[in-house]
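A.B. asks: Mind looking over this structure? Questions follow.
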Amino acid sequence: MGEFELAIIGGGLASASTIKAYREAGGEGRIALISADSTIPYHRPPLSKRYLRGEAAREDTLVEPQSFYDDNDVELLLSTTVVAIEPRERAVATDDDRRVRYRKLLIATGVQARQLQVAGVDLEGVFTLRSLDDATAIRDAASAARDAVVVGGGFIGIEVAASLTALEIDVTLVSRNVDLFAQLGSPEVSEHLVQLYRRHGIDVVRGDEVRAFRGHSRLDTVEPHSANPIGASLAVVGIGVTPAVAFLNDSGISVGNGIVVNERFETNVPDIYAAGDVACFFDPLTGRQRRIEHWSNARYQGSQVGRILAGADGGYNRVATFFTESFGLTLKVFGDISHHDDRVARGSFSDGNAIVFYVADGRLVASLHSGQDEETEKQLMELVGDRAIPSDMLALADESVALREAFATPINAGVAS
């Protein structure tokens with residue numbers, strides 16, 4: 001097999017984006033892409049939306065066609081699991097007893113779905129959603145289902161519940177948290193979503209957990225702790241994810257909420273990098289380590305680390321963004337909502353026009369919004385990037401006050417978007 005100039009572990013969007021950026025920046029040599037998946041890199045957002053609803057084919061989810069990897073001298077090692085990294089030997093050990101040698105290594109293994117530890121979780125009809133094969137199995141099962149339970153009130157749970165409803169399945173959504181999208185820290189969004197989902201016929205059960213899945217050979221009932229048993233032949237569990245790092249034991253690579261890297265995606269081990277969902281990176285804007293599990297981040301980090309691996313300039317220097325969409329409602333977040341000490345809402349999500357401002361230490365650190373025009377979104381991005389200081393917290397909530405006038409800090413786009 002010989003030595004590769006660049007070996008990449010993980011077959012997601014970050015990996016494909018890295019390859020493209022690496023070649024565009026003049027990166028040379030052979031590339032090995034090692035992936036436990038049986039499919040070349042694909043986009044994950046369609047798995048809970050268009051693909052799950054049957055509106056897209058498998059090939060529509062691909063980041064790049066097969067020819068892209070052929071043209072860029074990429075050796076694809078699919079259905080291959082990495083079991084260890086040997087930094088001193090500059091080698092990757094796989095489950096089929098191969099050792100892939102490299103000069104530079106990128107780890108982009110992403111995350112793995114959390115599993116419910118309850119009785120009946122292995123019954124036929126109970127699924128988690130992470131891969132294209134998972135989505136295909138759920139889609140096939142949905143074609144024969146009349147009732148379904150979705151467990152989890154986060155991104156996956158919310159989107160899957162909407163998609164199954166579009167397939168004319170009666171859906172019950174069970175959320176451990178009272179608030180849907182609890183990670184957004186916005187009761188306004190949660191209440192709007194609850195009402196929106198109920199209007200579409202979804203039974204929303206909040207503040208409860210699944211005690212067990214019941215059935216003889218396959219699922220027929222879901223038992224919450226408090227609510228009445230729910231008849232269902234299909235259940236999808238979306239209760240969060242964890243970084244895929246188990247294979248790094250004894251590698252010497254620093255791990256803490258993912259693989260710890262700097263703003264140039266370098267680990268503590270020379271010539272080993274990490275990017276995408278698995279990377280706990282240093283964010284210059286917030287001044288701390290962060291890990292982001294979203295499509296836009298994987299694409300951006302791949303584009304940057306690819307340049308760095310090729311010897312060009314690059315690094316993390318942007319306002320983080322992500323979005324989600326259900327039943328025509330699009331929510332967008334700019335910045336970091338995980339650390340704030342105050343929050344102010346403007347407008348109304350039920351009216352289709354709202355902004356939530358997140359403030360920490362007297363400065364704007366993030367925004368959550370829906371129904372905003374391009375100019376307003378640009379201003380929000382710049383304000384978050386500048387960590388703008390509100391002139392008056394009451395003005396933030398007042399729709400009659402222009403966005404610029406609500407902040408003492410001028411809008412000057414201090415951080416890239």
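The values are calculated or read from the model by the stated rules, or taken from the named source; none is laboratory data. Remember, it's a predicted structure, so these values are computed and weren't measured experimentally. When we count neighbours, we look across all protein chains shown, and the Cβ atoms used for this are built from the backbone with ideal geometry, even at glycine. Keep in mind that these areas ignore ligands, DNA and RNA; they rest on the heavy atoms of the full protein, side chains included. Shrake-Rupley method; radii C 1.70, N 1.55, O 1.52, S 1.80 Å.
A.B. asks: For the stretch 249-284, enumerate the residues that are crowded, with 22+ Cβ neighbours inside 10 Å and outside any strand (DSSP E or B). So that I can check it myself, show each step before the final result.
C.D. replies: If we filter the stretch 249-284 for residues that are crowded, with 22+ Cβ neighbours inside 10 Å, which is where we start, we get 258-259, 261, 265, 267, 272-279, 281.
Within the stretch 249-284, Gly258, Val261, Phe265, Thr267, Ala275, Gly276, Asp277, Val278 meet the criteria.
A.B. asks: Return yes or no: is Tyr316 in contact (Cβ under 8 Å) with a residue 60 or more places away in the chain, out of contact with any Gly (no Cβ under 6 Å at 6 or more places or on another chain), open to solvent by less than 60 Å² (accessible area, probe 1.4 Å) and on the phi < 0 side of the Ramachandran plot?
C.D. replies: For Tyr316, the condition - in contact (Cβ under 8 Å) with a residue 60 or more places away in the chain, out of contact with any Gly (no Cβ under 6 Å at 6 or more places or on another chain), open to solvent by less than 60 Å² (accessible area, probe 1.4 Å) and on the phi < 0 side of the Ramachandran plot - is not met.
A.B. asks: Regarding Arg307, is this residue outside any loop (DSSP other than H, G, I, E, B), open to solvent by 10 Å² or more (accessible area, probe 1.4 Å), among the basic types (Lys, Arg) and more than 14 Å from Leu106 (Cα to Cα)? Steps first, please.
C.D. replies: Working: outside any loop (DSSP other than H, G, I, E, B): yes; open to solvent by 10 Å² or more (accessible area, probe 1.4 Å): yes; among the basic types (Lys, Arg): yes; more than 14 Å from Leu106 (Cα to Cα): no.
Taking the combined requirement at face value, the residue does not satisfy it.
A.B. asks: Go through the stretch 238-254 and count every residue that is under 22 Å from Leu180 (Cβ atoms) and in contact with a Lys or Arg (Cβ under 8 Å, 6 or more places away or on another chain).
C.D. replies: Taking the stretch 238-254 and keeping what is under 22 Å from Leu180 (Cβ atoms), we get 238-242.
Subset that is in contact with a Lys or Arg (Cβ under 8 Å, 6 or more places away or on another chain): 239-242.
The total comes to 4.
A.B. asks: Let me ask you something else. Among the numbered criteria (1) modelled with pLDDT of 95 or more; (2) over 23 Å from His200 (Cα atoms), which one does Val149 miss?
C.D. replies: The one condition Val149 does not meet is (2).
A.B. asks: Under 6 Å between Cβ atoms, which residue pairs at least 6 apart in sequence (or on different chains) link something in the stretch 48-71 that is under 18 Å from Val150 (Cα atoms) and aromatic (Phe, Trp, Tyr) with a partner that is modelled with pLDDT of 95 or more and surrounded by 12 or more Cβ atoms within 10 Å (Cβ to Cβ)?
C.D. replies: Tyr51/Thr61; Tyr51/Ala135
A.B. asks: Out of all the residues in the stretch 72-84, which are free of Cβ contacts under 8 Å to residues at least 60 places away in the same chain and closer than 15 Å to Arg23 by Cβ?
C.D. replies: Selection gives Asn72, Asp73, Val74.
A.B. asks: Okay, moving on. Where in the stretch 321-417 are there strands (runs of 3 or more DSSP E), lying fully within it, with 2 or more residues that are aliphatic (A, V, I, L, M) and closer than 22 Å to Arg291 by Cα?
C.D. replies: Numbers: elements: 321-326, 329-335, 342-348, 353-360, 363-370.
Those strands (runs of 3 or more DSSP E) span 329-335, 353-360, 363-370.
A.B. asks: Now, a different point. Any residue at all in the stretch 289-304 that is closer than 26 Å to Asp95 by Cα and out of contact with any Leu (no Cβ under 6 Å at 6 or more places or on another chain)?
C.D. replies: So far as the stretch 289-304 goes, yes, one or more of its residues are closer than 26 Å to Asp95 by Cα and out of contact with any Leu (no Cβ under 6 Å at 6 or more places or on another chain).
Yes/no per residue for (1) open to solvent by 40 Å² or more (accessible area, probe 1.4 Å); (2) at pLDDT below 95:
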site: Gly311; (1), (2): yes, no
site: Ala320; (1), (2): no, yes
site: Asp361; (1), (2): yes, yes
site: Leu364; (1), (2): no, no
site: His369; (1), (2): no, no
site: Leu380; (1), (2): no, no
site: Ala395; (1), (2): no, yes
site: Ala413; (1), (2): yes, yes
site: Ser417; (1), (2): yes, yes
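A.B. asks: Still on this structure: Of all strands (runs of 3 or more DSSP E) completely enclosed by the stretch 174-241, which ones contain at least 2 residues that are surrounded by fewer than 21 Cβ atoms within 10 Å (Cβ to Cβ)? Break it down into steps so the answer makes sense when it comes.
C.D. replies: Values: elements: 203-206, 210-214, 221-224, 234-237.
Output list reads 203-206, 210-214, 221-224.
A.B. asks: Which of the numbered conditions does Val261 fail, given that it passes all the others? Conditions: (1) out of contact with any Leu (no Cβ under 8 Å at 6 or more places or on another chain); (2) within 25 Å of Asn72 (Cα to Cα).
C.D. replies: (2)
A.B. asks: In addition: Restricting to the stretch 108-155, count the residues that are among the hydroxyl-bearing types (Ser, Thr, Tyr), crowded, with 17+ Cβ neighbours inside 10 Å and farther than 15 Å from Gly238 by Cβ.
C.D. replies: Number satisfying all stated conditions: 1.
A.B. asks: In addition: If we scan the stretch 208-228, do we find a residue that is more than 30 Å from Ala354 (Cβ to Cβ), among the polar types (S, T, N, Q) and in contact (Cβ under 8 Å) with a residue 60 or more places away in the chain?
C.D. replies: yes
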